[in-house]
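The values are calculated or read from the model by the stated rules, or taken from the named source; none is laboratory data. All figures in this text were calculated on a predicted structure; none of them were measured in a lab. A quick note on method: Cβ atoms are made from the backbone with ideal geometry, for glycine too, and the neighbour counts reach across all protein chains shown.
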Amino acid sequence: MIEIRGLVKQYPGAAHPAVDHLTLAVPEGCVCVLIGPSGCGKTTTMRMINRLVEPDAGSISVGGRDVLHVDPVSLRRSIGYVIQQVGLFPHWTIADNVATVPKLLGWDEGRIAARVDELLELVGMEPATFRSRFPRELSGGQKQRVGVARALAADPPVMLMDEPFAALDPISRGRLQDEFLRILRSLRKTIVFVTHDIDEALKLGDRIAILRDGALVQYAAPEAILARPADAFVESFVGTDRALKRLGLIQVEAALEATGPVAPSLSIAAHANLRDALARMLEGGVDSLAVTGANGALLGVLTMSGLRRHTRTRDAADDQ
Amino acid sequence: MLFIEAWQFIVAHPGRFADALTTHVALSAAALGLAIAMAVPVGVLLADNRRATLLAITAANVGRTLPSLAVLALVMPLLGTGFAPALFALTLLALPPILINTCTALRQVDADLVDAARGMGMTRAQVMREVELPVAMPVIFAGIRTASVQVVSGAVLAAYIGGGGLGDFITAGIAMMALPQLLVGAIPATLLAIGADRLFGLLQKVLTPVGMRAT
Amino acid sequence: MKWLRNNWDQVLVALGEHIVISFTALAIAFALSLVIGILAARSERVFRWAIAVTGFLYTIPTLAFLALLIPVVGLGKTNAIICMVAFSLMIMIRNVAIGIREVPSDVVDAARGMGMRGIEILATIELPLAMPVIVAGLRIATVTVISVAVVAAYINAGGLGTLIFSGISNDFAPKIWVGALTSCALAVAADLSLAQVERWLRHRAD
């Protein structure tokens with residue numbers, strides 16, 4: 001869906017290029033996370049896709065179209081754009097804010113109104129209540145929900161998101177990440193997501209691109225990055241607890257075993273992850289947990305040794 | 001009592017008073033209108049050029065310090081006396097506060113708003129028209145309000161260069177030591193100035209976008 | 001300018017008068033605004049009331065104000081100085097009050113904690129730290145006062161305005177030029193010097 005080839009951006013007077021011959025492909029429907037330390041070029045790269053920054057060399061194509069040779073303004077109207085501080089227009093109502101791009105595209109009023117309501121519902125904000133409110137009446141989390149709704153208004157196939165949840169408190173951030181994941185999966189958007197938070201990247205990304213000094217260091221699925229970091233930099237970037245982070249990506253039901261004669265006293269939900277399961281075992285001082293399904297039914301058992309065996313099997317499978 | 005004598009003077013010379021009042025209002029309104037029509041577009045056009053904006057603000061700041069009567073007087077050897085030269089001078093006096101406020105207000109618009117607007121696909125003109133100007137409007141209007149008081153005040157001095165207006169009564173009053181005439185000029189001029197301040201203060205409130213008003 | 005060369009002494013006298021009455025008015029306004037400003041800094045009500053009254057005075061057109069004072073104090077320098085002080089008060093009181101209020105509360109708190117008394121804190125901490133803002137107000141007041149003084153020549157207060165008015169009534173352009181340009185130069189010079197003082201004070205405060 002998005003093909004970046006040999007992309008270069010050099011600011012005059014800078015020691016090294018902000019983006020240094022970057023080549024990257026984002027398949028359709030994929031959430032691609034750009035991550036790296038400050039100054040690695042992740043935001044610059046993202047902003048070159050909708051040409052808020054003009055590249056010095058290289059090519060970018062979106063949906064097969066070369067974006068560097070089309071009108072930037074109409075390009076931007078076909079790409080969703082969400083930034084950290086949201087940038088809701090304070091002098092417009094929530095409804096007017098969400099309707100920005102449809103209005104630019106000349107949709108008729110009825111269609112716009114319907115779409116605004118549809119999107120507010122989608123992001124979890126009751127249209128009747130919020131339609132006529134103003135941005136200053138909203139909390140940080142609510143503002144960003146509107147920001148996402150605004151970006152989705154004209155139903156663009158591609159969305160660019162620049163640290164959209166970084167300005168929120170941890171609880172709102174977690175909640176929005178979960179909801180956002182749900183929404184965007186159901187809509188099958190192709191997303192380029194910039195963040196500096198490795199946990200957010202592991203949680204949300206289908207593919208993670210680790211950048212450093214403008215160059216691509218590793219581009220792979222979260223599991224692969226944790227299991228086989230490309231070099232010492234990536235290793236330290238993902239953190240020394242990457243084994244635990246890996247456990248966080250695996251669901252309990254993947255390591256399920258049959259129940260023995262006696263069911264363990266503590267339990268864990270089947271859709272929880274192995275890291276939470278390990279934490280519960282350590283807290284309770286036990287070696288096994290009962291695994292329960294959606295309705296509380298006993299599906300099986302998770303043991304400490306079973307957990308270890310499972311991760312070892314995964315390692316072996318990956319190596320092949 | 002002086003006030004009663006002043007009132008009697010107006011009653012005795014209704015035509016003269018009406019003339020002076022109309023001229024005064026006309027001069028003020030025209031000067032303000034011209035200044036707005038020039039300063040705001042210039043502020044908008046310079047918005048993208050940081051150096052030009054700073055230059056404009058510096059020049060306007062110098063203009064602001066010049067004594068009003070000096071500006072009015074300097075026009076006389078160049079353009080003569082009368083309504084038009086007075087209008088010219090008053091417009092010059094009204095330009096600096098409006099230009100300074102327009103430039104400053106546009107510079108202070110939250111950069112994130114402009115980024116979001118551009119990123120969504122607004123053209124440069126659309127960003128200015130739909131986002132920057134409305135958000136900057138309260139501060140721009142504060143500048144217009146300041147300028148309006150300055151212009152009404154300056155129009156009193158226009159009497160010195162033959163511009164007419166309420167200043168004529170004041171100068172005549174002083175020359176002849178006729179105190180009632182003094183008041184016929186001074187009090188209405190004061191009321192006009194206060195009125196202009198109130199009017200533009202009200203307009204400023206009304207024109208502040210609803211979403212941005214102080215709760 | 002031939003006229004200027006022959007009459008520079010006249011110009012200097014006018015300039016001198018102009019500076020003297022301006023300075024006198026500013027000194028009085030400064031003293032008054034310090035007192036009222038300090039009170040206004042401590043009390044929201046005093047602040048609002050002071051700003052309302054002086055703000056109202058500031059709106060009155062210069063010549064109208066001078067004229068309105070004639071029945072009360074007649075013509076001459078006193079009239080002019082009263083008008084100048086009245087105009088300066090709004091901006092100066094406001095800046096003194098705001099300048100003091102903007103002094104970081106933790107600094108004042110630390111001083112109090114160390115055992116300094118109110119007057120000492122005011123004199124050695126609050127006022128010095130508020131100086132840049134106060135001088136900013138003084139700058140605006142100075143320019144205002146110089147402008148009023150030009151007009152005040154008409155009510156026999158002297159100053160550079162006398163040259164302008166003489167030039168206008170005799171239709172003698174050189175006098176107008178000299179009077180007007182000198183007063184502009186004076187205003188700009190005063191503004192720039194005070195701007196430097198303000199900048200220097202801000203530097204020191206950092």
Legend entry - Subset of the stretch B:125-156 that is within 9 Å of chain A (Cβ to nearest Cβ) and surrounded by fewer than 21 Cβ atoms within 10 Å (Cβ to Cβ) - its residue that is farthest from A:Pro135 (Cα to Cα): B:Gln126
Inset, instruction - Hand me the list of helices (runs of 4 or more DSSP H) wholly inside the stretch B:1-86 holding 2 or more residues that are away from chain C (no Cβ under 14 Å) and surrounded by fewer than 16 Cβ atoms within 10 Å (Cβ to Cβ). - result: B:2-12, B:14-45, B:50-65
Legend entry - Boolean, A:Ala113 is in a helix (DSSP H, G or I) and surrounded by 16 or more Cβ atoms within 10 Å (Cβ to Cβ): yes
Inset, instruction - Name the helices (runs of 4 or more DSSP H) wholly inside the stretch C:106-195 in which the number of residues that are under 28 Å from B:Val71 (Cβ atoms) and among the hydrophobic types (A, V, I, L, M, F, W, C) is 1 or more. - result: C:127-152, C:161-169
Inset, instruction - Taking only the stretch A:62-100 into account, find how many residues are outside any helix (DSSP H, G or I), without any contact (Cβ under 8 Å) to a residue 24 or more places away in the chain and under 21 Å from A:Leu24 (Cα atoms). - result: 4
Legend entry - Filtered residue count, the stretch A:229-240, keeping only those that are in a loop (DSSP other than H, G, I, E, B) and under 21 Å from the mean Cα position of the chain (by Cα): 2
Inset, instruction - Please find, among B:Leu182, B:Leu157, the residue that is modelled with pLDDT under 95 and closer than 17 Å to B:Phe83 by Cα. - result: B:Leu157
Legend entry - Selected residue [hydrophobic (A, V, I, L, M, F, W, C), in contact (Cβ under 8 Å) with a residue 24 or more places away in the chain, surrounded by fewer than 20 Cβ atoms within 10 Å (Cβ to Cβ) and within 14 Å of another protein chain (Cβ to nearest Cβ)] from A:Leu138, A:Leu104, A:Leu152, A:Leu160: A:Leu138
Inset, instruction - Kindly establish whether A:Ile94 is within 9 Å of chain B (Cβ to nearest Cβ), among the hydrophobic types (A, V, I, L, M, F, W, C), farther than 23 Å from A:Gln10 by Cβ and surrounded by 21 or more Cβ atoms within 10 Å (Cβ to Cβ). - result: no
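Scan the helices (runs of 4 or more DSSP H) fully inside the stretch C:40-101 and keep the ones with 3 or more residues being within 14 Å of chain B (Cβ to nearest Cβ) and without any contact (Cβ under 8 Å) to a residue 12 or more places away in the chain.
Passing ranges, in order: C:44-59, C:62-73.
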Inset, instruction - Could you pull out the residue among B:Leu191, B:Leu179, B:Leu113 that is free of Cβ contacts under 8 Å to residues at least 24 places away in the same chain and within 7 Å of another protein chain (Cβ to nearest Cβ)? - result: B:Leu113
Inset, instruction - Select from the stretch A:292-317 the residues that are surrounded by 13 or more Cβ atoms within 10 Å (Cβ to Cβ), at pLDDT 85 or above, in a helix (DSSP H, G or I) and within 29 Å of the chain's Cα centre (by Cα) and list them in ascending order. - result: A:Leu307
Legend entry - Candidate set: the stretch B:157-176, residues that are facing another protein chain (nearest Cβ under 10 Å) and part of a loop (DSSP other than H, G, I, E, B); chosen: the one farthest from B:Met76 (Cα to Cα): B:Leu166
